[in-house]
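Here is the structure we will look at, set down as structure tokens.
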2 protein chains.
Amino acid sequence: MNENILKSTDLKTTKSRLAILLILEKSSVPMTAEDIYSIVVKDVHMSLSTTYRTLGTLSEKGILLKNLSRDGKTYYQINSHQHKHQLVCTLCNDVVPIDGCPLTKLEENLTQQTGFTITGHSLEFFGICPKCTKHIKE
Amino acid sequence: MNENILKSTDLKTTKSRLAILLILEKSSVPMTAEDIYSIVVKDVHMSLSTTYRTLGTLSEKGILLKNLSRDGKTYYQINSHQHKHQLVCTLCNDVVPIDGCPLTKLEENLTQQTGFTITGHSLEFFGICPKCTKHIKE
DNA sequence: GTGGCTGCAAAACCTTTGCACACAA
DNA sequence: TTGTGTGCAAAGGTTTTGCAGCCAC
């Protein structure tokens, strides 16, 4: 229940927040503020700035993951607390999640080599999906 | 000589382009258009839009690498044609280059699993550099 | 009732673009 | 000369913010 998520982080339960969480839970793919807004307004009265503010708040609390993508837009997704990466088609923007993360070991090495305390990384693969590959050839 | 680089890509040799290339060659770290502009204008008369246009052109030609970073700004650097990644301090923005890329093998696996034609990836590590770690503790 | 949440509009921010002029080849 | 490159100013798109009113607790 999403109310509990909000309560556990000292956030008030509001229609906007619940609606946004619901949309993101249903989505298997990261979404932009605009994406989310355009869906939510159909059911709940909400402004775009509230969407941004809510997404910001939820990200700060660690409920969402916030990600600036190659197209200059910020994408949000539920933080499943599983470390994930994704593969993005540069033509149709299709997104495929990738299991596992090959970088844990590398991070250990880096810590030793650089003295950095490593707090995270961003990894995204780009390519052309099977559908688009087909379109090109035709 | 940078003139040769420009000639080899059918670009005219202009003061702006040479100045920008010179700055980026001297820099060990990726820079924003604003960064570059503020340095170049001291010597050469140039507008910010020319900076953007030039950086865009040089990136298209593969002379520069263009990278949208976490802070929402676009960073440019000389394309050394070596596949590189970097480690960024989230406090002071210090950047440390990383040798080698552990992802080649993973890309092969992904191609088989997803049918994507993989064209590239972006990988950045984040952490706190030794200097900042020290500051925090003090 | 009170402080956090929201709507609206305006601004901020980085980046791109239109058009006329300037300059490299 | 010719077409590419440039300056200036204005617009573009996404995201943030100020302020007054509203609502969850």
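The values are calculated or read from the model by the stated rules, or taken from the named source; none is laboratory data. What you are looking at is a predicted structure, and each value in this text was computed from that prediction instead of being measured. Don't worry about glycine lacking a Cβ; one is built from the backbone with ideal geometry, like all the others, and counts go over all protein chains shown.
Brief remarks on what is shown
- Inter-residue pairs, beta-carbon under 8 Å, first over 15 Å from B:Gly115 (Cα atoms) and assigned by TED's automatic domain parsing to the domain that holds A:Leu106 and in region A:121-138, second at pLDDT 75 or above and part of a helix (DSSP H, G or I), 6+ apart: A:His121/A:Glu107
- Single unsatisfied condition, B:Ala19 versus (1) crowded, with 18+ Cβ neighbours inside 10 Å; (2) closer than 27 Å to A:Leu68 by Cβ; (3) not assigned by TED's automatic domain parsing to the domain that holds B:Phe126: (2)
- Selection status of B:Leu11, of a type outside the set (Val, Ile, Thr), in the same structural domain as B:Lys73 (by TED's automatic domain parsing), more than 25 Å from B:Arg70 (Cβ to Cβ) and not in a loop (DSSP other than H, G, I, E, B): no
- Evaluation of A:Glu3 against the conditions (1) away from chain B (no Cβ under 14 Å); (2) at pLDDT 85 or above; (3) within 10 Å of DNA strand D (Cβ to nearest atom); (4) not in a loop (DSSP other than H, G, I, E, B) shows that the sole unmet condition is (2).
- Applying the set (1) within 16 Å of DNA strand C (Cβ to nearest atom); (2) within 13 Å of chain B (Cβ to nearest Cβ); (3) out of contact with any Asp or Glu (no Cβ under 9 Å at 6 or more places or on another chain) to A:Arg70 leaves exactly one unmet item: (3).
- Selection of first residues in region B:37-60 that are in the same structural domain as B:Lys15 (by TED's automatic domain parsing) and of second residues that are among the acidic types (Asp, Glu) and surrounded by fewer than 14 Cβ atoms within 10 Å (Cβ to Cβ), restricted to Cβ pairs under 9 Å at least 6 apart or on distinct chains, gives the following pairs, ordered by first then second residue: B:Leu48/B:Glu34; B:Thr51/B:Glu34.
- Looking across region B:35-59, just one residue is within 15 Å of B:Gln77 (Cβ to Cβ) and acidic (Asp, Glu), and that is B:Asp35.
- Looking across region B:36-75, the residues that are closer than 14 Å to B:Leu18 by Cβ and surrounded by fewer than 13 Cβ atoms within 10 Å (Cβ to Cβ) come down to B:Asp43, B:His45.
- Residues in region B:26-35 that are buried (at least 16 other Cβ atoms within 10 Å of the Cβ), more than 10 Å from DNA strand C (Cβ to nearest atom) and either of a type in the set (Phe, Trp, Tyr) or not in a loop (DSSP other than H, G, I, E, B) (or both): B:Met31 alone.
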